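Data first, discussion second: the structure below is written as structure tokens.
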Amino acid sequence: MIRGTALLRQATRAFASWPLAAPRTVSIIGAPQQFGQPRGGVENAPKLLRQAGLAETVANLDWRVNDEGDVDMQTTQDVAGPLRHAAQIGHGSRKLMEACVKAHARGNFVLTLGGDHSVALGTVSAALKARPSTKVLWVDAHADCNSPSTSPSGNAHGMPLAFLLKLVQSSELGTASSAFAWLDDVRLAPQNLAFVGLRDVDAEERKILLRLRERGAFVSTMHDVDRRGIGHVVDTALDHLGDDGPLHCSFDVDSCDPLIAPATGTAVRGGLTYREAHFLCEALAATGRLGSLDVVEVNSALADPVGAKATVDLAAGLVASALGAVIL
Ligand SMILES: [Mn+2]
């Protein structure tokens with residue numbers, strides 16, 4: 001049990017029937033992807049989140065739960081190139097996309113448990129294929145919009161938005177480009193994207209972010225949270241995205257401060273507090289339009305057991321808030 005039972009009993013905000021079908025059902029999809037970054041352990045997060053009682057928590061919020069198991073993300077031989085593990089990422093993400101599209105097509109809320117943040121290649125493309133008017137809230141310390149030629153590391157978890165926004169040239173992928181051909185008809189428009197939580201942006205990404213802002217993306221940083229408060233930032237982000245489409249939230253736990261989420265691969269000081277993170281998820285639930293959510297980059301191998309448990313429990317609790325858990 002992740003939150004107190006008294007809290008759970010009061011939970012359940014009414015979700016609008018659209019874009020979801022009745023009876024409202026959450027598809028839980030495990031995406032144990034680890035090839036988007038170099039640190040082992042992130043592939044265990046789906047199992048740990050399930051062991052933390054996620055399905056029970058969701059069921060207590062008056063959702064039906066369909067646990068669809070894990071997608072096999074380890075699919076093929078690797079090829080060398082500027083994008084590390086390109087073939088694994090491309091083919092694994094396509095399989096995840098297909099699983100998510102099926103869940104969307106049944107009218108379910110699609111909850112994906114990463115894995116590293118490259119899983120958003122599959123989840124966001126699925127949301128856009130199944131529900132084309134989907135808007136995306138990207139909650140992250142990092143902008144994840146490097147392409148293989150601008151990335152300092154070559155790690156795919158820093159690139160999913162570059163692919164989704166069509167900033168990656170197929171020539172950058174070399175022989176691996178065919179592994180990403182399924183993304184050809186996917187395009188996230190900048191005006192349908194909002195960033196919250198940014199605070200670690202490299203020089204090339206700064207240029208990309210400023211261009212995205214000019215092209216209509218909502219780009220906020222922790223500075224905005226400091227100045228205006230999380231309520232203002234989230235309200236402005238949601239206003240920017242408009243009220244005419246389902247919402248997809250891609251939540252990287254490194255958006256949260258390492259004090260509350262130490263077990264993650266690229267922790268950065270100065271992040272969201274416990275309440276700021278929960279507020280954001282509660283505000284998303286309150287729109288009644290959240291149709292899909294990713295929780296990514298929980299890596300229990302990167303903290304002591306207390307920190308690992310705190311991070312897993314935080315992630316599970318944020319899922320509860322995004323699915324309607326409220327204080328009163
Ligand atoms: Mn990320």
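No lab work stands behind these numbers, since they all come straight from the coordinates. None of the values given here were measured: they were computed from a predicted structure. All Cβ positions, glycine included, derive from the backbone under ideal geometry; neighbour counts span all protein chains shown.
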**Request:** Please state which one of 181, 203, 143, 176 is within 20 Å of the chain's Cα centre (by Cα) and either more than 12 Å from the ligand (Cβ to nearest atom) or small (Gly, Ala, Ser) (or both).
**Result:** 143
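Among the listed residues 96, 113, which satisfies the condition of being touching a Ser or Thr at 6+ places or on another chain (Cβ under 9 Å) and either among the hydrophobic types (A, V, I, L, M, F, W, C) or within 17 Å of residue 249 (Cβ to Cβ) (or both)?
Numbers: 113 fails: touching a Ser or Thr at 6+ places or on another chain (Cβ under 9 Å).
Residue meeting the stated conditions: 96.
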**Message:** Where the second residue is more than 16 Å from the ligand (Cβ to nearest atom) and in a loop (DSSP other than H, G, I, E, B) and the first is free of Cβ contacts under 8 Å to residues at least 12 places away in the same chain and over 23 Å from residue 32 (Cβ atoms) and lies in the range 286-299, which pairs have Cβ atoms under 9 Å and are six or more apart or on separate chains?
**Reply:** none
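Restricting to the range 225-247, count the residues that are in contact with a Lys or Arg (Cβ under 6 Å, 6 or more places away or on another chain) and either without any contact (Cβ under 8 Å) to a residue 24 or more places away in the chain or not in a loop (DSSP other than H, G, I, E, B) (or both).
Narrowing the range 225-247 to residues in contact with a Lys or Arg (Cβ under 6 Å, 6 or more places away or on another chain): 241, 245-247.
Narrowing the set further to residues that are either without any contact (Cβ under 8 Å) to a residue 24 or more places away in the chain or not in a loop (DSSP other than H, G, I, E, B) (or both) leaves 241, 247.
Final tally of qualifying residues: 2.
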**Prompt:** For residue 168, are the conditions met, namely being crowded, with 21+ Cβ neighbours inside 10 Å and either touching a helix residue (DSSP H, G or I) at 6+ places or on another chain (Cβ under 9 Å) or touching a residue at least 40 places away in the same chain (Cβ under 8 Å) (or both)?
**Reply:** yes
**Single match in 123, 25, 75, 57 (criterion: in contact with a Phe, Trp or Tyr (Cβ under 8 Å, 6 or more places away or on another chain) and β-branched (Val, Ile, Thr))** = 25
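Could you please give the count of residues in the range 222-244 that are crowded, with 20+ Cβ neighbours inside 10 Å and closer than 24 Å to residue 257 by Cα?
Within the range 222-244, residues that are crowded, with 20+ Cβ neighbours inside 10 Å and closer than 24 Å to residue 257 by Cα number 7.
Take the residues in the range 97-136 that are part of a strand (DSSP E or B) and within 13 Å of the ligand (Cβ to nearest atom), then tell me which one is surrounded by the most Cβ atoms within 10 Å (Cβ to Cβ).
Within the range 97-136, the first condition is being part of a strand (DSSP E or B), and the residues that meet it are 109-114, 135-136.
Restricting the remaining residues to those that are within 13 Å of the ligand (Cβ to nearest atom) gives 114, 136.
Details: 114: 35, 136: 25.
By that ranking, first place goes to 114.
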**Message:** When the residues of the range 68-84 are narrowed to those that are surrounded by fewer than 16 Cβ atoms within 10 Å (Cβ to Cβ) and acidic (Asp, Glu), which ends up farthest from residue 94 (Cα to Cα)?
**Reply:** 78
**Prompt:** Among (1) assigned to a loop (DSSP other than H, G, I, E, B); (2) within 19 Å of residue 195 (Cβ to Cβ), where does residue 219 come up short?
**Reply:** (1)
**Asked** Assuming residue 250 fulfils every condition listed in (1) within 16 Å of the ligand (Cβ to nearest atom); (2) among the small types (Gly, Ala, Ser); (3) in a loop (DSSP other than H, G, I, E, B) apart from one, which condition is it?
**Response** (3)
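May I ask you to verify whether residue 163 is crowded, with 17+ Cβ neighbours inside 10 Å, within 16 Å of the ligand (Cβ to nearest atom), of a type outside the set (A, V, I, L, M) and part of a helix (DSSP H, G or I)? Please lay out each step first, then the result.
Values: crowded, with 17+ Cβ neighbours inside 10 Å: yes; within 16 Å of the ligand (Cβ to nearest atom): yes; of a type outside the set (A, V, I, L, M): yes; part of a helix (DSSP H, G or I): yes.
Yes: the conditions hold for residue 163.
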**Counted residues, the range 173-202 - those being out of contact with any strand residue (DSSP E or B) (no Cβ under 7 Å at 6 or more places or on another chain) and either closer than 29 Å to residue 78 by Cα or not in a helix (DSSP H, G or I) (or both)** = 19
